[in-house]
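Q: One structure coming up, written as structure tokens, with questions to follow.
Bear in mind that the values in this text are calculations on the coordinates, not laboratory data. Computed from a predicted model, the values in this text were never measured in an experiment. Note: ideal-geometry Cβ built from the backbone for every residue, glycine included; neighbour counts use all protein chains shown.
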Amino acid sequence: MRPDLEIIQQWVQPGHHVLDLGCGNGTLLDFLQRERGATGFGLEINPDHITTCMAKGVSVIEQNLDTQGLDNFDDGMFDVVLMTQALQAVRRPDKVIEEMLRVGREGIVTFPNFAHWRLRWGLALSGRMPESDALPYKWYNTPNIRLCTFKDFEALCRQKGIRIKSRRVVDGQHQNSWLARLWPNLLGEIAIYRITRENP
Amino acid sequence: MPDSLPSDSVGLVSPQTVHFDTPIELACGQTLDSYDLVVETYGTLNPEASNAVLICHALSGHHHAAGYHSMDDKKPGWWDSCIGPGKPIDTNRFFVVSLNNLGGCHGSTGPNSTNPATGKPYGPDFPVITVADWVKSQACLADRLGIEQWAAVVGGSLGGMQALQWSLDYPDRLRHSVVIASTPRLSAQNIAFNEVARQAITSDREFHDGRYYDFDTVPRRGLMLARMVGHITYLSDASMGEKFGRELREEAYKFGFDAEFQVESYLRYQGERFSESFDANTYLLMTRALDYFDPAYSAGGDLAKALAPASCEYLVLSFSTDWRFSPERSEEMVNAMISARKKVSYAEIDAPWGHDAFLIPTPRYTDIFTAYMDRAAREVGV
């Protein structure tokens, strides 16, 4: 299993009701259902992914976060709301995060770090929009319209009064490295944040 | 007619009549002491009786859902696109049961059956049937066939309402409820269209207060008009536009009121054909069953609360251009299921054919339906 998913699954307890925003082909939810005894839904807009989820037995709702939001979900109905590698692709990440913590007690968010040294270096040297394993697109066809750095994300959380329960940083291969732990905003490629509005 | 039957067809099938002697109490307070249901089955029931799928039909549907009755048939059953070997409801794996509902006019006990009390057709004396009554009679049929639990109950439109009702009335007796192009309740506009259809029938001089059988006639014009109105609501503006546009049957306007536009002659043809094969009293009953359907009513209008007893998984599908039961109506249902913490999957399928899209095998519809039913089959080991 991918190390980032390995980390996430440790934060989901048996019986947890989980919402996965942009659940893709349902790999994570399928794992959480079978191995962690969790229940829940995935939201997805890609038709092929939706079909794959249904074949797996992952409950999936065709719903576009940008246009439909999460209005159809009740306050606090989920224990955990997940969003892996999709925050940078929504139109209003700030609103999505607020909604995550309205419908769920806890949010788990992963996204690529735009301040990773290789991206900084690429932009500084070549003067072209950076590309990497975590960001393999061209500037004109990228679905990633809201790129940010770890520092940006943490500033947003502070501004909204959201508490960061923990943060793990991994490299492009989703491996944990001590260097990334030392200088995350420079050396970490992908961050996994666990956020909440609840007090410790 | 086909010279040879397609390899993905269930082939030649024949309906059978199942007789019930145990009285059935209906929502209206009346009781039917005995009744018949006409049934077709496709595929084989496994020894555990766990692979059965119930097909619920829509307003004008019946038991003949797949295959052919004879080599002379022009068309196969009404849902042949989705039922057969290798099709979404795969008859190599599932035992499929399809019936004509109570009150129908294709062989099951209905207004045109003989009322044992009078020796004449029931006509208007046939009790008004609800979706819950149908589900109850279908449960009796399941008992008779030795099916304790359906692998899935599946239906489109009014059929989807039955699939939903099953999950509330007999939660332990189905694993999956597949609700396609349906709605949790009719809107005022839906009821209004039904009322126009009913008025067309009841105001026909040949209707004779529903006792037209005694006069050896049928309210053909009324039934034809009812079908024409209904048919318009099954299609989308775009699909009618594409099929007929403003095309004329002849080159120039004739400055009269005959069917000059293609769409007019199409509707007349559809209406006439329907009026020859459908019973007017059944049409009244079916539209009333639609009007009355509202499972949230008994829960104070709260559908999520009404869904509390359900334990099956749901698949809900809607079609982008369906304005009779639009995607929003399906989403209403899905949201209530989410609130009630039921397992539900939902997709809105892009298709230009309006409400009728649930009968037409578009690639995405077929893919999703196949993927979902495949898992339902694997779950019961077939």
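Q: Between B:Lys305 and B:Leu5, what's the calculated FRET efficiency when r is the beta-carbon distance and R0 is 45 Å? Round to 0.05.
A: 0.40
Q: Oh, and also: From a point 7 Å beyond the Cα of A:Asp133 in the direction of its Cβ, which residues of segment A:149-165 have a backbone N at a distance under 19 Å?
A: Label zone hits: A:150.
Q: A further question on this structure: Taking a ≥ b ≥ c as the square roots of the Cα gyration tensor eigenvalues, with a/c under 1.5 meaning rounded and otherwise prolate when a/b beats b/c, else oblate, which class fits chain B?
A: rounded
Q: Distance from a point 7 Å along Cα→Cβ of A:Lys95 to each backbone N in segment A:15-29: keep the residues under 19 Å and list them by number.
A: Only A:21-22 pass the distance filter.
Q: Among the lysines, select those whose C-alpha is under 17 Å from the C-alpha of B:Lys343, and discard any that sit fewer than 8 residues away in the same chain.
A: By straight Cα distance, B:Lys343 reaches A:Lys56, B:Lys305.
Q: To the nearest 10 degrees, how steeply does helix A:93-103 sit against the main Cα axis of chain A, on a 0 to 90 scale?
A: 30 degrees
Q: Okay, moving on. Using the C-alpha atoms of segment A:21-120, what convex hull volume per residue, in cubic angstrom, is computed?
A: Numbers: hull volume 11.7 nm³, N = 100.
For segment A:21-120, the hull spanned by Cα atoms encloses 117 Å³ per residue.
Q: Give a residue-ordered list of calculated ³J(HN,Hα) values for segment B:140-145 (Karplus: 6.51 cos²θ - 1.76 cosθ + 1.60, θ = phi - 60°; whole Hz; x for Gly, Pro).
A: Ordered by residue, 3J(HN,Hα) equals 5, 5, 4, 4, 4, 7 Hz.
Q: Which semi-axes, in whole Å and largest first, does the equivalent ellipsoid of segment B:205-276 have when worked out from the alpha carbon gyration tensor as the square roots of 5 times its eigenvalues? Show your work: numbers first, answer last.
A: Values: eigenvalues 169, 47, 13 Å².
Working through the eigenvalues yields semi-axes of 29, 15, 8 Å.
Q: Want the number for B:Leu12 to B:Glu250: 0.36 nm per residue separation, take away the alpha-carbon distance, what's left?
A: Details: separation 238, 0.36 × 238 = 85.68 nm, distance 4.10 nm.
Going from the current span to full extension adds 81.6 nm.
Q: In what order do A:Asp20, A:Asp30 fall by count of nearby beta-carbon atoms within 10 Å, going from fewest to most? Before the final figure, lay out the partial values.
A: On the way: A:Asp20 29, A:Asp30 17.
Placing the least packed residue first, the sequence is A:Asp30, A:Asp20.
Q: In addition: Spin-label point model (7 Å from Cα, Cβ direction): what's the B:Gln149 to B:Arg268 distance in nm?
A: Once both label points are built, they end up 5.6 nm from each other.
Q: Relative contact order for chain A using alpha-carbon pairs under 8 Å, separation at least 6, rounded to a whole percent?
A: Working: 372 pairs, mean separation 38.3, N = 200.
Averaging sequence separation for qualifying contacts and normalising by length gives 19 percent for chain A.
Q: Name the residue farthest towards the positive end of the dipole of segment A:3-197 from the options A:Gln88, A:Gly161, A:Met54, assuming +1 on Cβ of Lys and Arg, -1 on Cβ of Asp and Glu, about the Cα centre.
A: A:Gly161
Q: How large is the Kirkwood hydrodynamic radius of segment B:181-224, counting all unique pairs of alpha carbons, in Å?
A: Details: mean 1/r = 0.0860 Å⁻¹.
Computed over Cα pairs of segment B:181-224, the Kirkwood hydrodynamic radius comes out at 11.6 Å.
Q: Using amide H atoms built in the peptide plane, which far-off residues or other-chain residues are under 5 Å from B:Val10 H to H?
A: The answer is B:Gly67.
Q: What is the calculated FRET efficiency for B:Lys74 to A:Leu182, with r their C-beta to C-beta distance and R₀ = 60 Å, to the nearest 0.05?
A: Numbers: r = 76 Å, r/R0 = 1.27.
Plugging the Cβ-Cβ distance into 1/(1 + (r/R0)^6) gives 0.20.
Q: Pull out a ≥ b ≥ c, the square roots of the eigenvalues of the alpha-carbon gyration tensor of segment B:281-341, then state rounded if a/c is under 1.5, prolate if not and a/b is larger than b/c, and oblate in the remaining case.
A: Details: a/c = 2.16, a/b = 1.27, b/c = 1.69.
Oblate shape, in that a/c is at least 1.5 and b/c is the bigger or equal ratio.
Q: Between B:Thr366 and B:Ala27, what is the label-point separation in nm under the 7 Å Cα-to-beta-carbon projection?
A: Distance between the two pseudo-spin positions: 3.6 nm.
Q: Across peptide B:333-345, what mean number of C-beta atoms from other chains lies inside 10 Å of a residue's C-beta? Intermediate results must be reported in sequence, preceding the final value.
A: Working: counts 0, 5, 5, 1, 3, 8, 4, 0, 6, 1, 6, 4, 11.
Mean number of neighbouring Cβ atoms from other chains: 4.
Q: Excluding residues on the same chain fewer than 8 positions from B:Lys243, give the lysines whose Cα lies under 21 Å from its Cα.
A: Partners within reach: B:Lys75.
Q: Can you tell me the dipole magnitude for segment A:3-197 around its Cα centre, using point charges on the Cβ only (Lys, Arg +1; Asp, Glu -1), in Debye to the nearest 20?
A: Details: 23 positive and 23 negative charges, 162 e Å.
With only Lys, Arg, Asp and Glu charged at Cβ, the dipole is about 780 debye.
Q: With everything on Cα atoms, drop me the angle between helix A:27-36 and the longest principal axis of chain A, reported from 0 to 90° to the nearest 10.
A: It works out to around 50 degrees.
Q: Is there a simple number for the mean count of other chain Cβ atoms within 10 Å of the Cβ of residues in A:53-66, and what is it?
A: Numbers: counts 5, 12, 9, 2, 8, 3, 10, 4, 10, 12, 5, 0, 0, 0.
For peptide A:53-66, the averaged partner shielding equals 6.
Q: If you take the charge dipole of the protein assembly as shown about its Cα centre, with +1 on Lys and Arg Cβ and -1 on Asp and Glu Cβ, which of B:Ala308, A:Thr142, B:Tyr253 is farthest toward its positive end?
A: Positive-most Cα among the choices belongs to A:Thr142.
Q: What FRET efficiency comes out for the pair A:Asp48/B:Glu48, r = Cβ-Cβ distance, R0 = 41 Å, nearest 0.05? Let's see the in-between values first.
A: On the way: r = 34 Å, r/R0 = 0.82.
With R0 = 41 Å, the Cβ-Cβ based efficiency is 0.75.
Q: If you don't mind, another one. With +1 on each Lys and Arg Cβ and -1 on each Asp and Glu Cβ, and nothing else charged, work out how big the dipole of chain B is about its Cα centre, in Debye to the nearest 20.
A: For chain B, the charge dipole is close to 440 debye.
Q: Dipole magnitude of segment B:17-161 about its Cα centre, charges +1 at Lys/Arg Cβ and -1 at Asp/Glu Cβ only, in debye to the nearest 20? Walk me through the numbers before you get to the answer.
A: Numbers: 7 positive and 14 negative charges, 69 e Å.
With Lys and Arg at +1 and Asp and Glu at -1, about 340 debye.
Q: Looking at segment A:3-197, I'd like the Rg to Rh ratio, where Rg is from alpha-carbon atoms and Rh is Kirkwood's inverse mean 1/r. Spell out each step's value before the answer.
A: Numbers: Rg = 16.4 Å, Rh = 17.1 Å.
When Rh is taken as the Kirkwood radius, the ratio is 0.96.
Q: Tell me which of A:Gly26, B:Trp150, B:Pro47 sits at the most positive position along the dipole axis of the protein assembly as shown, charges placed on C-beta atoms (Lys, Arg +1; Asp, Glu -1).
A: Farthest towards the positive end: A:Gly26.
Q: Over segment B:1-120, consider all pairs of different Cα atoms and compute the Kirkwood hydrodynamic radius from their mean reciprocal separation; express it in Å, one decimal. Please list the in-between numbers first.
A: Working: mean 1/r = 0.0640 Å⁻¹.
Evaluated over segment B:1-120, this radius sits at 15.6 Å.
Q: List the residues whose amide H sits under 5 Å from the amide H of B:Ala340, counting only those 5 or more places along or on another chain, with H placed 1.01 Å from N in the peptide plane.
A: Sorted by chain and number, the residues that satisfy this come to none at all.
Q: Starting at the first residue of segment A:72-78, write each ³J(HN,Hα) from the Karplus equation 6.51 cos²θ - 1.76 cosθ + 1.60 with θ = phi - 60°, in whole Hz, x for Gly and Pro.
A: 7, 10, 6, 4, x, 7, 10
Q: Right, another one. Hey, what do the phi angles of segment A:120-132 turn into as Karplus ³J(HN,Hα) couplings, whole Hz, using 6.51/-1.76/1.60 and θ = phi - 60°, x for Gly and Pro?
A: Result, ordered by residue: 4, 4, x, 5, 5, 7, 8, x, 10, 4, x, 10, 7 Hz.
Q: A further question follows. Fewest to most neighbouring Cβ within 10 Å: what's the order for B:His19, B:His208?
A: Values: B:His19 10, B:His208 16.
By the 10 Å Cβ count, ascending, the order reads B:His19, B:His208.
Q: From zero up to wherever the largest Cα-Cα distance of segment B:270-382 sits, split into 5 Å bins and tell me the percent of pairs in each.
A: 2, 10, 14, 16, 18, 17, 13, 7, 3, 0
Q: What is the spin-label model distance, in nm, from B:Arg341 to A:Thr39 if the labels are put 7 Å beyond Cα along the C-beta direction?
A: 0.5 nm
Q: Another question about this same structure. Post the alpha-carbon centroid distance, segment A:75-91 to segment B:17-75, in whole angstrom.
A: With segment A:75-91 and segment B:17-75 each reduced to a Cα centre, they are spaced 45 Å.
Q: Can you give me the long-range amide H partners of B:Leu174? Hydrogens built in the peptide plane at 1.01 Å from N, cutoff under 5 Å, separation of 5 or more residues or another chain.
A: When sequence neighbours closer than 5 places are left aside, the close amide H contacts are B:Trp150.
Q: Reported to two decimal places, what Rg/Rh ratio describes the protein assembly as shown when computed on Cα atoms with Rh from the Kirkwood expression? Don't jump to the answer; show the numbers that get you there.
A: Working: Rg = 28.0 Å, Rh = 26.5 Å.
Ratio of gyration radius to Kirkwood radius for the protein assembly as shown: 1.06.
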